[in-house]
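Bear in mind that the values in this text are calculations on the coordinates, not laboratory data. Worth saying up front: this structure is predicted, and the values here are computed from it rather than measured. Neighbour counts run over all protein chains shown; Cβ positions are idealised from the backbone, glycine included.
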């Protein structure tokens, strides 16, 4: 999936004119339609802990190079602001579980609310 950072909760500083970024949806929607997401970028604001996207089986962009995945505190976003990637990219279950476990180790409170 992809989304504009200006719709992330909490909203990252300076995200007003930033275009679509890849995100990984971590949870089902809550009662308000929000999901928790792990962001992907070449430069994350506030320097959260990150891991190379390829260790989770995600492709490396041949032009921009490898992105990193934020494995710290996930953001939230309303599902109406999510868009499908083109071409579609899907993470296999083992990598998805590995990612969620890494986020849990870094931010255990992330999945309690």
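Fully extending the segment from residue 30 to residue 73, taken as 0.36 nm per residue of separation minus the present Cα-Cα distance, adds 13.8 nm. Relative to the current alpha-carbon distance between residue 111 and residue 11, full extension at 0.36 nm per residue lengthens the span by 34.1 nm. By the Cα gyration tensor, the range 1-85 has an equivalent ellipsoid whose semi-axes, rounded to whole angstrom, run 20, 14, 13 from largest to smallest. Here the spin labels are modelled as points 7 Å beyond Cα on the Cα-Cβ line, and at residue 46 and residue 66 they lie 2.6 nm apart.
Out of every Cα pair in the range 60-113, what percent are spaced more than 15 Å from each other? The answer is 65 percent, as a whole percent.
Considering only alpha-carbon pairs that sit under 8 angstrom and 6 or more positions apart, the relative contact order computed for the range 2-111 is 26 percent.
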